[in-house]
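Visitor: There's a structure below that I have some questions on.
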Amino acid sequence: MRPILKCSALALALALAACSQPSTGPVAAATEQVQEESKRLNAWFDEQYTEWMRFSPVMLTFYGSKELNDQLDDASDEAARKRLAWMEASVKAMEAGFDYDRLDEETKLSWDLWKRQYEDLRDGMAFMRNGYLFDQMNGMHSLLPTFLINFHKVEDEQDYVAYLSRLNQAPRLFDQLLTNARASAAEGIRPPKFAFEGVIDQSRKVVSGAPFDGSDDDSALWADLQAKADALVASGAITAERATELKQQARTALLEQIKPAYDAIIAWSEQEMENALVNPSGVGATHSNGADYYAFQLRQNTTTTMTADEIHALGLAEVARLRGEMEAIKDKVGFEGDLPAFFAFINTDKQFKYPNTDAGRQAYIDDATAAIDNIKAVLPEYFGILPKADLVVRRVEPFREQDGAAQHYFSGTADGSRPGIYYAHLSDMNAMPKTEMEVIAYHEGLPGHHMQISIAQELQGIPVFRTRYGSTAYAEGWGLYSEWLAKEMPGTYEDPYSDYGRLMSEMWRAVRLVVDTGMHAKGWTEQQALDYFSENGSIPQAAMESEIRRYLIMPGQATAYKIGMIKIQELRRKAEAELGDKFDIKGFHDTVLGGGAMPLDLLERRVDHWIEKKKAG
């Protein structure tokens, strides 16, 4: 912590203590300077962020803006260099035009985050070819239809025409991405075979159904385009005749632009799949610069300086601790047998499965919604800041649904006009055990991602970029902390098997520390990672395989959850110890969530400042 931080806090405290006196002294003057400089920089941040967002029309739409909603992003290398140059110039302008030492605490944090964004972007340029642009979990092939269907709002004819414009731009965007993917492949960098299989399957699903083939069923995009045109007629925005014209234009765009664009991705994937690895190791063994790339990914995802060896050792220790707690649950329910036998029992006994039917899928959605509603009722006892946006539970769309894939969350809008969505993969209910339904609802919904992301988006009094800042360790650390926090709330984990599900969820994240570093830094193969996972959990085989494959194509990301959780727990214990009776759980949570996402070192600084204020208060 810089000494100036304490000095600024002292000056502010003295000014507040003298608030009954005329504001004419040197302390009051210094406080006014801090307020004015902070206000000036915050206004500058918003101007800069508005300009920065124009680099991504997709993100503008995602956050509810209709600006540039007829365009898709530029994914070329040239565009990436332009973004970096812009951010570098912005940071230099900030350093030249503002005085860090005259900022209040919150604005100093904004300064540090703005500069950190640039440094991360700059450092990542060395690894432009290492990331996979198309795989079974990520890529514009699956994101584009999801984005257009769920996030491109159509309220008038102009919005619909903008939708058509985006369809027509898809070939350009896909070609840019394929150009970059080919450049990576030329350097020997390509995802494993299973990733290509996923891309091919998902892409074929997007262009299956009418009007792409003779099917009686409409494709997801065609169904959406027709529904949105019909809705415009129903609202009186356009005539039925105009709707027919627009639908015909949409049909033409699907057949002449979307279909060839997806055919190109499928053809490239089929060709590259022949060179892809089966039972692969991680990037440390398969990329020429893999060790450096993985070290960078660990820094980015954990926001710490922990090495792969340190993270691996932490994972082994956490796995051992959690096995002990699971032994206690096993004994509590009276199971006779060792822990591996208990794992097998949980994984195979029908009482822990939902029916693999539409009724079973709806039951899962209903149970998850009920668990979230229970948390919603008690939130005011644990949080002062509450989200405005609603939350809904939905099944993943058929064109991107995968057996056993991880559940996930898409945020709503800051104004609450679009709810947050907790998406569940329900194609194989055998991969969705009842024991884990509750804990996942807490992680993805409340008090987890929906709570954290919605509050961040709705924050007032800080620059807009802070409300949208991304930090995996912070966000996923909060999600995992939320699973643990929920145990303190009434009406949760009442069934010991649900509490076992909570432990298994945490075990899942502890195993990640071991297998992610094992594959990417120690040469473990996919099968070795699967073997370790199966020895330490009762997760269904399909889910386990999906998880390991996720770690292979997203190196380092899986390590962020446990490291973030441990840091938040550590900060809470520190606050409880130092504040004693002055500790306030709502104040602690509001401090963690009330500044938006941030790297863990800056979160610690923020909590430390809150502790000092509470002591002085």
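Visitor: Looking only at the range 590-608, count how many residues are small (Gly, Ala, Ser) and either part of a helix (DSSP H, G or I) or open to solvent by 10 Å² or more (accessible area, probe 1.4 Å) (or both).
Guide: As a first pass, look at the range 590-608 and keep what is small (Gly, Ala, Ser): 594-597.
Checking which are either part of a helix (DSSP H, G or I) or open to solvent by 10 Å² or more (accessible area, probe 1.4 Å) (or both) leaves us with 594.
Counting residues in the range 590-608 that are small (Gly, Ala, Ser) and either part of a helix (DSSP H, G or I) or open to solvent by 10 Å² or more (accessible area, probe 1.4 Å) (or both) gives 1.
Visitor: Kindly evaluate Arg572 against the criterion of being buried (at least 24 other Cβ atoms within 10 Å of the Cβ) and of a type in the set (D, E, K, R).
Guide: Here the answer is no, as Arg572 does not meet what is asked.
Visitor: Restricting to the range 306-315, and then to whatever is buried (at least 18 other Cβ atoms within 10 Å of the Cβ) and among the small types (Gly, Ala, Ser), can you tell me which residue is farthest from Val515 (Cα to Cα)?
Guide: Ala308
Visitor: Restricting to the range 117-155, and then to whatever is surrounded by fewer than 21 Cβ atoms within 10 Å (Cβ to Cβ) and β-branched (Val, Ile, Thr), can you tell me which residue is nearest to Ala75 (Cα to Cα)?
Guide: Ranking the candidates gives Thr146 first.
Visitor: Let me ask something else about it. I need a count of the residues in the range 212-234 that are touching a residue at least 40 places away in the same chain (Cβ under 8 Å) and surrounded by fewer than 18 Cβ atoms within 10 Å (Cβ to Cβ).
Guide: Looking only at that region, the number is 1.
Visitor: Is it fair to say Asp99 is of a type outside the set (Gly, Ala, Ser), out of contact with any Phe, Trp or Tyr (no Cβ under 8 Å at 6 or more places or on another chain) and surrounded by fewer than 17 Cβ atoms within 10 Å (Cβ to Cβ)? Talk me through it step by step, then tell me what you get.
Guide: Numbers: of a type outside the set (Gly, Ala, Ser): yes; out of contact with any Phe, Trp or Tyr (no Cβ under 8 Å at 6 or more places or on another chain): yes; surrounded by fewer than 17 Cβ atoms within 10 Å (Cβ to Cβ): yes.
Against the criterion (of a type outside the set (Gly, Ala, Ser), out of contact with any Phe, Trp or Tyr (no Cβ under 8 Å at 6 or more places or on another chain) and surrounded by fewer than 17 Cβ atoms within 10 Å (Cβ to Cβ)), Asp99 qualifies.
Visitor: Can I ask one more? Suppose the filter is more than 25 Å from Tyr551 (Cβ to Cβ) and open to solvent by 20 Å² or more (accessible area, probe 1.4 Å); does Glu318 pass it? Steps first, answer last, please.
Guide: Values: more than 25 Å from Tyr551 (Cβ to Cβ): no; open to solvent by 20 Å² or more (accessible area, probe 1.4 Å): yes.
Judged against the criteria, Glu318 is not a match.
Visitor: When you go through Glu483, Glu476 one by one, which is the residue that is within 19 Å of Ala543 (Cβ to Cβ), open to solvent by 10 Å² or more (accessible area, probe 1.4 Å) and under 21 Å from the mean Cα position of the chain (by Cα)? Walk me through it before giving the result.
Guide: On the way: Glu483 fails: open to solvent by 10 Å² or more (accessible area, probe 1.4 Å).
From the options Glu483, Glu476, the qualifying one is Glu476.
Visitor: Looking at (1) open to solvent by 60 Å² or more (accessible area, probe 1.4 Å); (2) not in a helix (DSSP H, G or I), which is the only condition Asp201 fails?
Guide: (2)
Visitor: Could you list, in sequence order, the residues of the range 333-343 that are open to solvent by less than 50 Å² (accessible area, probe 1.4 Å) and not in a loop (DSSP other than H, G, I, E, B)?
Guide: Within the range 333-343, Leu339, Ala341, Phe342, Phe343 meet the criteria.
Conditions (1) within 26 Å of Leu121 (Cα to Cα); (2) open to solvent by 20 Å² or more (accessible area, probe 1.4 Å); (3) touching a residue at least 24 places away in the same chain (Cβ under 8 Å), marked per residue:
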residue: Met489; (1), (2), (3): no, no, yes
residue: Glu494; (1), (2), (3): no, yes, no
residue: Leu503; (1), (2), (3): no, no, yes
residue: Ala529; (1), (2), (3): no, no, no
residue: Tyr532; (1), (2), (3): no, yes, no
residue: Glu535; (1), (2), (3): no, yes, yes
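Visitor: Restricting attention to the range 51-74, which residues are closer than 18 Å to Ala89 by Cα and without any contact (Cβ under 8 Å) to a residue 60 or more places away in the chain?
Guide: Glu51, Met53, Arg54, Phe55
Visitor: Checking Lys376 against (1) modelled with pLDDT of 95 or more; (2) part of a loop (DSSP other than H, G, I, E, B); (3) touching a strand residue (DSSP E or B) at 6+ places or on another chain (Cβ under 9 Å): exactly one of these is not met. Which one?
Guide: (2)
Visitor: Quick one: in the range 188-198, which of the residues that are part of a loop (DSSP other than H, G, I, E, B) and open to solvent by less than 20 Å² (accessible area, probe 1.4 Å) is nearest to Gln527 (Cα to Cα)?
Guide: As a first pass, look at the range 188-198 and keep what is part of a loop (DSSP other than H, G, I, E, B): 188-192.
Adding the requirement that they be open to solvent by less than 20 Å² (accessible area, probe 1.4 Å) leaves 189, 191-192.
Details: Ile189: 21, Pro191: 16, Pro192: 13 Å.
My answer is Pro192.
Visitor: Quick one: count up the residues across the range 413-467 that are more than 24 Å from Pro398 (Cβ to Cβ), more than 20 Å from the chain's Cα centre (by Cα) and basic (Lys, Arg).
Guide: Going through the range 413-467 one residue at a time, the tally reaches 0.
Visitor: From the list Ile539, Ile611, which residue is outside any helix (DSSP H, G or I), open to solvent by less than 50 Å² (accessible area, probe 1.4 Å) and of a type in the set (Val, Ile, Thr)?
Guide: On the way: Ile611 fails: outside any helix (DSSP H, G or I).
The unique qualifying residue is Ile539.
Visitor: When the range 57-92 is examined, which residues are found to be assigned to a helix (DSSP H, G or I), open to solvent by 40 Å² or more (accessible area, probe 1.4 Å) and not hydrophobic (A, V, I, L, M, F, W, C)?
Guide: Scanning the range 57-92 gives Glu78, Arg81, Lys82, Arg83, Glu88, Lys92.
Visitor: Which of the residues spanning the range 355-399 are open to solvent by less than 20 Å² (accessible area, probe 1.4 Å), farther than 26 Å from Ser142 by Cα and β-branched (Val, Ile, Thr)?
Guide: Ile372, Ile375, Val378, listed by residue number.
Visitor: Modelled with pLDDT of 95 or more, open to solvent by less than 50 Å² (accessible area, probe 1.4 Å), assigned to a helix (DSSP H, G or I) and among the small types (Gly, Ala, Ser): does that describe Ala183?
Guide: Values: modelled with pLDDT of 95 or more: yes; open to solvent by less than 50 Å² (accessible area, probe 1.4 Å): yes; assigned to a helix (DSSP H, G or I): yes; among the small types (Gly, Ala, Ser): yes.
The answer is yes for Ala183.
The values are calculated or read from the model by the stated rules, or taken from the named source; none is laboratory data. None of the values given here were measured: they were computed from a predicted structure. Neighbour counts are summed over all protein chains in view; Cβ atoms, including those assigned to glycine, are modelled from backbone coordinates with ideal geometry. For the accessible areas, the whole protein counts, side chains as well, though only heavy atoms, and no ligand, DNA or RNA atoms are used. Shrake-Rupley method; radii C 1.70, N 1.55, O 1.52, S 1.80 Å.
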